[in-house]
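Here's the structure, in structure tokens; my notes come after.
The values are calculated or read from the model by the stated rules, or taken from the named source; none is laboratory data. Here the structure is a predicted model, which means the values were calculated and not measured. Glycine gets a Cβ as well: all are built from the backbone with ideal geometry, and neighbour counts include every protein chain shown.
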Amino acid sequence: MANESAISVRGLTKTYTSKANGSKVAVAGIDLEVTKGEIFAILGPNGAGKTTTVEILEGYRDRDGGEVKVLGKDPAKLGTDSWAWRNRIGIVLQSTNDSQDLSVSETVSHFANYYSNPRDSDSVIHDVGLDEKKNARIQSLSGGQRRRLDVALGIIGNPEILFLDEPTTGFDPEARRAFWDLIRNLRDEGRTILLTTHYLDEAEALADRVAVIVDGKIVEVSTPGNLGGRNTAKARISWLENGSKQEIESDFPAAEVAKLSAKFGGEVPELTVIRPSLEDIYLKMIGQL
Amino acid sequence: MRPNIIKVGFLRGGLEIKQFMRQRESVVFTLLFPVMLLFIFGSVFKGDLAPGVTFSQYFVAGMIASGLVNTGFQQLAIMIPIERDFGTLKRLRGTPVSPISYFIGKAILVFTAMIVQVGALMAFGAALFGLNLPNTTERWLRFAWLILLGSICSTILGIAFSAVPKNGRGASAVVSPIVIILQFFSGVFFVFSTLPQWMQQFAALFPLKWLTQGMRSVFLPESFATQEVAKSWEIPQIAIVLLVWTVLGTILALKSFRWSDK
């Protein structure tokens with residue numbers, strides 16, 4: 001069904017208090033609506049509250065306030081039915097270091113036993129690209145392979161929603177691209193994917209929609225192409241005239257350049273036309289520019 | 001439909017055993033440490049405690065009983081906080097698996113390790129120190145239920161206690177002293193009836209004293225029962241104490257068990 005909500009969050013808040021550090025507001029009132037079948041990215045710098053938010057949605061953490069519904073259930077009030085809810089979600093945590101002494105296929109096929117409607121473990125191992133490492137011990141895997149195994153364990157139960165917390169941290173560029181393809185395929189199978197990342201290019205490459213989170217607040221939700229009004233931002237045109245630099249902003253840069261060209265009778269000295277890059281917009285949003 | 005909790009527990013048991021067997025250090029420690037202790041004590045104390053009862057014979061009973069405490073309670077109360085640190089439990093928490101399945105898996109691991117450990121201890125004792133093995137079917141049966149119930153009791157208490165250490169690094173320092181003190185108080189290293197009365201009474205509150213006594217009833221001649229503090233093996237009392245602790249431990253474990261750090 002189109003536009004059906006997979007995750008719905010209203011006014012979510014969470015504050016950590018510790019004796020050593022006093023209290024720190026991790027999540028300061030977040031609203032989110034994730035539609036079934038989309039890849040939704042939560043983008044933000046380290047410490048912005050991404051993991052806290054996701055772990056509340058996954059049922060790992062209590063919240064202080066607000067309403068949360070994941071697949072129609074409140075993760076903080078699952079009661080005796082919690083298995084049925086967990087049966088429908090898949091979780092890829094930020095960092096894991098377990099089951100070192102087992103092989104890839106032993107681990108994946110074992111986890112299949114936990115679910116009522118698991119996928120075939122061989123085909124899951126194939127999908128995440130670990131065919132060659134099937135019989136290898138987990139301790140011998142590289143960081144990227146380890147992460148692929150984490151995804152395999154996240155999807156073995158055939159989940160409707162897959163949570164991915166900073167899935168490609170520490171990957172080399174080639175491994176990241178391969179990983180992105182894997183995630184897109186999972187979306188194309190009809191799964192909803194919620195991922196957190198602090199990489200702008202990852203959100204841009206993968207997400208159908210992005211929420212930018214800064215200091216526990218969402219500053220914008222949009223498609224990657226429209227982020228920060230990028231699509232409508234004015235272009236800046238600059239050139240050299242009478243020995244000094246001239247600059248104008250315009251919604252119609254091509255027309256301005258044509259006028260200038262006519263004025264100068266051809267080439268315009270030191271002409272540049274700049275649209276703000278996504279990176280500029282993002283850095284401005286998170287207060288780094 | 002939900003996968004069967006007990007079946008998943010047994011599958012977890014298989015996986016736990018596989019992981020255990022692949023950690024050479026833990027296998028060597030679990031299997032060889034009791035044998036080494038028997039070798040040391042058996043070599044030092046050569047005398048007889050009673051006609052036909054060597055110290056080794058007495059000590060093997062204590063070693064098997066404390067093996068149950070080491071392999072179950074001590075091992076799990078240290079290992080589970082480490083599994084929390086490594087994220088093993090956090091990952092499980094995110095799946096539909098029941099804590100009961102996890103508990104069953106641990107109990108199967110402990111029971112299996114015990115069987116192997118007891119086998120090694122008896123073979124070594126019989127070969128080098130003239131250990132007499134149980135000589136009646138009744139004794140073998142009693143031996144079997146003591147190992148089974150002892151494993152379950154020790155496992156569940158280890159799980160319950162695993163909530164106490166804050167993390168894996170500190171776990172051993174919290175758990176090991178408790179086990180060592182109980183071993184001294186419960187008549188593992190010394191003849192129980194020669195211990196001060198307050199020590200005996202304190203030890204009687206905990207399962208190890210009763211397990212040790214039960215193992216003596218399996219390995220020592222019937223006549224030795226008169227040398228016990230109660231002048232009898234007190235078999236029904238042993239069963240009751242172990243069952244009470246198992247029930248208590250289960251309630252505690254279900255209440256206190258944490259999948260991850262707070």
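Can you pull out every residue in the range A:78-101 that is under 20 Å from A:G144 (Cβ atoms) and at pLDDT 95 or above?
As a first pass, look at the range A:78-101 and keep what is under 20 Å from A:G144 (Cβ atoms): A:90-100.
Correct list: A:G90, A:I91.
Screening B:E16 against (1) surrounded by 18 or more Cβ atoms within 10 Å (Cβ to Cβ); (2) in contact (Cβ under 8 Å) with a residue 60 or more places away in the chain; (3) more than 14 Å from every other protein chain (Cβ to nearest Cβ) leaves a single unmet condition, (3).
Selection of first residues in the range B:164-178 that are in contact (Cβ under 8 Å) with a residue 12 or more places away in the chain and of second residues that are among the polar types (S, T, N, Q), restricted to Cβ pairs under 8 Å at least 6 apart or on distinct chains, gives the following pairs, ordered by first then second residue: B:A171/B:S162; B:V175/B:Q74; B:S176/B:Q74. Close Cβ contacts (under 6 Å, 6 or more residues apart or on different chains) running from residues in the range B:50-68 that are within 30 Å of B:I108 (Cα to Cα) to residues that are of a type in the set (V, I, T) comprise B:G62/B:V188; B:G62/B:T212; B:I64/B:V118; B:A65/B:T212; B:S66/B:V188.
Condition check for B:G9 on (1) at pLDDT below 90; (2) within 11 Å of chain A (Cβ to nearest Cβ): one failure, at (1). Checking each residue in the range A:148-188 for being in a helix (DSSP H, G or I), of a type in the set (G, A, S) and within 14 Å of chain B (Cβ to nearest Cβ) picks out A:A152, A:G154.
Quickly run through the range B:218-262 and pick out the residues that are under 26 Å from B:L131 (Cβ atoms), among the hydroxyl-bearing types (S, T, Y) and assigned to a loop (DSSP other than H, G, I, E, B). Matches in the range B:218-262: B:S232 only. B:G94: within 11 Å of chain A (Cβ to nearest Cβ) and over 16 Å from the mean Cα position of the chain (by Cα), yes or no? So B:G94 fits the description; yes. Within the range A:109-137, being of a type in the set (A, V, I, L, M, F, W, C), within 17 Å of A:I89 (Cβ to Cβ) and out of contact with any Asp or Glu (no Cβ under 9 Å at 6 or more places or on another chain) holds for A:F111, A:V124. The residues in the range A:25-54 that are charged (D, E, K, R) and surrounded by 23 or more Cβ atoms within 10 Å (Cβ to Cβ) can be counted, and the count is 1.
Could you check the range B:18-128 for helices (runs of 4 or more DSSP H) lying wholly inside it with 1 or more residues that are of a type outside the set (D, E, K, R) and farther than 30 Å from A:R146 by Cα? Give the derivation first.
On the way: elements: B:24-44, B:55-68, B:75-86, B:88-93.
Passing ranges, in order: B:24-44, B:55-68.
Within the range B:131-150, not a single residue is out of contact with any helix residue (DSSP H, G or I) (no Cβ under 7 Å at 6 or more places or on another chain), in contact (Cβ under 8 Å) with a residue 60 or more places away in the chain and in a loop (DSSP other than H, G, I, E, B).
Scan the range B:170-208 for residues that are assigned to a helix (DSSP H, G or I) and either more than 30 Å from B:R84 (Cβ to Cβ) or at pLDDT 90 or above (or both) and the total you get is 27.
Any idea which of A:A84, A:A76 is over 18 Å from B:G87 (Cβ atoms), in a helix (DSSP H, G or I) and among the hydrophobic types (A, V, I, L, M, F, W, C)? Spell out how you get there, then give the answer.
Numbers: A:A76 fails: in a helix (DSSP H, G or I).
Within the list A:A84, A:A76, the selection yields A:A84.
Within the option set B:P51, B:P81, being away from chain A (no Cβ under 14 Å), at pLDDT below 95 and farther than 16 Å from B:V218 by Cβ holds for one residue only, B:P51. Within the range A:99-115, being facing another protein chain (nearest Cβ under 9 Å) and either under 12 Å from A:I156 (Cβ atoms) or surrounded by 21 or more Cβ atoms within 10 Å (Cβ to Cβ) (or both) holds for A:S99, A:T107, A:H110, A:F111, A:N113, A:Y114, A:Y115.
Answer yes or no: is there a residue in the range A:155-162 that is of a type in the set (D, E) and either surrounded by 22 or more Cβ atoms within 10 Å (Cβ to Cβ) or within 26 Å of A:E33 (Cα to Cα) (or both). Show your work before the answer.
As a first pass, look at the range A:155-162 and keep what is of a type in the set (D, E): A:160.
Next cut, either surrounded by 22 or more Cβ atoms within 10 Å (Cβ to Cβ) or within 26 Å of A:E33 (Cα to Cα) (or both) only: A:160.
Yes, because at least one residue in the range A:155-162 is of a type in the set (D, E) and either surrounded by 22 or more Cβ atoms within 10 Å (Cβ to Cβ) or within 26 Å of A:E33 (Cα to Cα) (or both).
The residue pairs whose first member lies in the range A:254-280 and is among the charged types (D, E, K, R), whose second member is outside any strand (DSSP E or B), and whose beta carbons are closer than 8 Å, counting only pairs six or more residues apart or on different chains, are A:E267/A:S261; A:R275/A:R230; A:R275/A:A233; A:E279/A:L200; A:D280/A:L289.
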